[in-house]
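Report on the structure given below.
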Amino acid sequence: MKITILGCGGSFGSPLAWQRHGNIDINNKRNFRTRSSVLIEINNKNILIDTSPDLRKQLYDARCTNIDAVLYTHVHSDHTSGLPDMRAMSLINNKIIPAYMPIDMIPEMEQCYKYIFKGEKDYLPFMEIKELEKSFNFHDINIKSFKHNHGSIDVQTYKINKFAYSTDLKKFYNSDIDNLKNLDLWVVGLLRENEHPSHAGFSQIMEYIEYLKPKKTVFTHMTALLDEVKLKNMCPKNVFPGYDGLQINL
Ligand SMILES: [Zn+2]
Ligand SMILES: [Zn+2]
C-alpha cells in the first residue's frame, strides 16, 4: 500500500494569502500546503479520500490519471468542492466513479452537485453516490469507518489495514479511539497549536498519539500558524508534519 499526501493544508491552505505567512518560513517549500486530501494505492486500485478544491493540481502533480473510488470524510467545502475535477478521471477511464459518503451528507451533495450524480441536459452523470457502511469491501480491500467529533458536526475516520486517516478531529466518541490501536501509519488533522472550537490542539493530539502509539504519525490539515521545522522539533522522531507530495509505503 502506498499513501500519498496530496494536500495537508487547513481550509484556507497555507499561506493564507500573498504576504500573509502566519508563522511559516516561506523559504521552505513544505510550508506551502494545498487543501487536505490523500491518495491510497492498494491492490492495483487508487482510492482518494476527499476532493479538495485543489484536486486537479494535486492529481496532476501525483501523475495520477485514474481514481477507482472516493471516500468522503464530511461535507465541508475544503473536503468536497474539488468534486467537479473528477470529471477528467471519469472521461479518461470511461467509467462512473463511486463516491462513498455517510448518509447525512447525501442530500446536500446531491443538491450541490446534481449534474455530477444525476446528469443534467446534455451532461451524463460521472459519479455514483454509495451510502457508507461501517465496514465494507471495495473489490478485495476492506475499508472500515467510524464517526469522530468535529465541533457541531461529525466526520468519518477511515481505516484500511494498518493505515488510518482522521482529519478535522475535535474528539473521539466513547471508546472508538481503540479501533486505531496497532497502526503502522496514522494521518491526523492538526489545525494549529492552540485548540479551536472544531479542532483539537497540539497537546490533545499528542495525548491521542501517546495512547495509540502508531508506528508513524503524520499531521495534516495545518494552517500557516504551523511551521514545518518548528513543529517537527516539538515531536518525537516517529511523529512529524506532512507536506504536499509526501509518499509513505506500508
Ligand atoms: Zn477541513
Ligand atoms: Zn471540516
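No lab work stands behind these numbers, since they all come straight from the coordinates. Not measured: the values here are computed from a predicted model. All Cβ positions, glycine included, derive from the backbone under ideal geometry; neighbour counts span all protein chains shown.
With away from ligand 2 (no atom under 16 Å from the Cβ), basic (Lys, Arg), in contact with a Phe, Trp or Tyr (Cβ under 8 Å, 6 or more places away or on another chain) and farther than 22 Å from Glu131 by Cβ as the only criterion, which of Arg20, Arg56, Arg30, Arg63 stands out? Please lay out each step first, then the result.
Values: Arg20 fails: in contact with a Phe, Trp or Tyr (Cβ under 8 Å, 6 or more places away or on another chain); Arg56 fails: in contact with a Phe, Trp or Tyr (Cβ under 8 Å, 6 or more places away or on another chain); Arg63 fails: in contact with a Phe, Trp or Tyr (Cβ under 8 Å, 6 or more places away or on another chain).
Result of the check over Arg20, Arg56, Arg30, Arg63: Arg30.
Considering only residues of the range 1-25 that are small (Gly, Ala, Ser) and part of a strand (DSSP E or B), which is nearest to Ile160 (Cα to Cα)? Let's see the steps before the verdict.
First pass over the range 1-25, keeping only residues small (Gly, Ala, Ser): 7, 9-11, 13-14, 17, 22.
With the extra rule that they be part of a strand (DSSP E or B), the set shrinks to 7, 9, 14, 17.
On the way: Gly7: 19, Gly9: 22, Ser14: 28, Ala17: 35 Å.
Taking the candidates together, the pick is Gly7.
Of Arg35, Arg20, Arg30, Arg63, which residue is more than 16 Å from ligand 1 (Cβ to nearest atom), free of Cβ contacts under 8 Å to residues at least 60 places away in the same chain and not β-branched (Val, Ile, Thr)? Break it down stepwise before answering.
Numbers: Arg35 fails: more than 16 Å from ligand 1 (Cβ to nearest atom); Arg20 fails: free of Cβ contacts under 8 Å to residues at least 60 places away in the same chain; Arg30 fails: free of Cβ contacts under 8 Å to residues at least 60 places away in the same chain.
That would be Arg63, the only listed residue that is more than 16 Å from ligand 1 (Cβ to nearest atom), free of Cβ contacts under 8 Å to residues at least 60 places away in the same chain and not β-branched (Val, Ile, Thr).
What number of residues within the range 210-225 satisfy the criterion of being assigned to a helix (DSSP H, G or I) and of a type outside the set (Ser, Thr, Tyr)? Full working, then the answer.
We begin by selecting, within the range 210-225, every residue assigned to a helix (DSSP H, G or I); these are 210-212.
If we keep only those that are of a type outside the set (Ser, Thr, Tyr) too, we end up with 210, 212.
Summing the residues that are assigned to a helix (DSSP H, G or I) and of a type outside the set (Ser, Thr, Tyr) in the range 210-225 gives 2.
Is there any pair with a first residue in the range 66-77 that is of a type in the set (A, V, I, L, M) and a second that is outside any strand (DSSP E or B) whose Cβ atoms are under 6 Å apart and which are 6 or more apart or on different chains, and what are they?
Filtered contacts from the range 66-77: Ile67/Met89; Val75/Met105; Val75/Glu108.
Tell me yes or no: at least one residue of the range 82-96 is within 16 Å of ligand 2 (Cβ to nearest atom), in a helix (DSSP H, G or I) and closer than 28 Å to Trp18 by Cα.
yes
What number of residues within the range 92-107 are more than 15 Å from Asp50 (Cβ to Cβ) and under 20 Å from the mean Cα position of the chain (by Cα)? Give the steps one after another, and end with the answer.
Our first condition is that a residue be more than 15 Å from Asp50 (Cβ to Cβ); within the range 92-107, this holds for 92-96, 103-104, 106-107.
Checking the rest, the ones that are also under 20 Å from the mean Cα position of the chain (by Cα) come to 103-104, 106.
The qualifying residues number 3.
Of the residues Tyr123, Tyr115, Tyr158, which is in contact with a Pro (Cβ under 8 Å, 6 or more places away or on another chain) and either of a type in the set (Ser, Thr, Tyr) or surrounded by fewer than 14 Cβ atoms within 10 Å (Cβ to Cβ) (or both)? Working first, answer last.
On the way: Tyr123 fails: in contact with a Pro (Cβ under 8 Å, 6 or more places away or on another chain); Tyr158 fails: in contact with a Pro (Cβ under 8 Å, 6 or more places away or on another chain).
Tyr115 is the lone residue from the list that is in contact with a Pro (Cβ under 8 Å, 6 or more places away or on another chain) and either of a type in the set (Ser, Thr, Tyr) or surrounded by fewer than 14 Cβ atoms within 10 Å (Cβ to Cβ) (or both).
Per-residue answers, yes or no, for (1) within 24 Å of Lys144 (Cα to Cα); (2) out of contact with any strand residue (DSSP E or B) (no Cβ under 7 Å at 6 or more places or on another chain):
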position: Ile3; (1), (2): yes, no
position: Asn31; (1), (2): no, no
position: Tyr60; (1), (2): no, yes
position: Asp85; (1), (2): no, yes
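Give, as residue ranges, the strands (runs of 3 or more DSSP E) completely inside the range 108-193 that count at least 2 residues that are free of Cβ contacts under 8 Å to residues at least 40 places away in the same chain, more than 18 Å from the chain's Cα centre (by Cα) and away from ligand 1 (no atom under 16 Å from the Cβ). Reasoning before the result, please.
Details: elements: 127-131, 135-138, 141-150, 153-160, 163-166, 185-189.
Here the list reads 127-131, 135-138.
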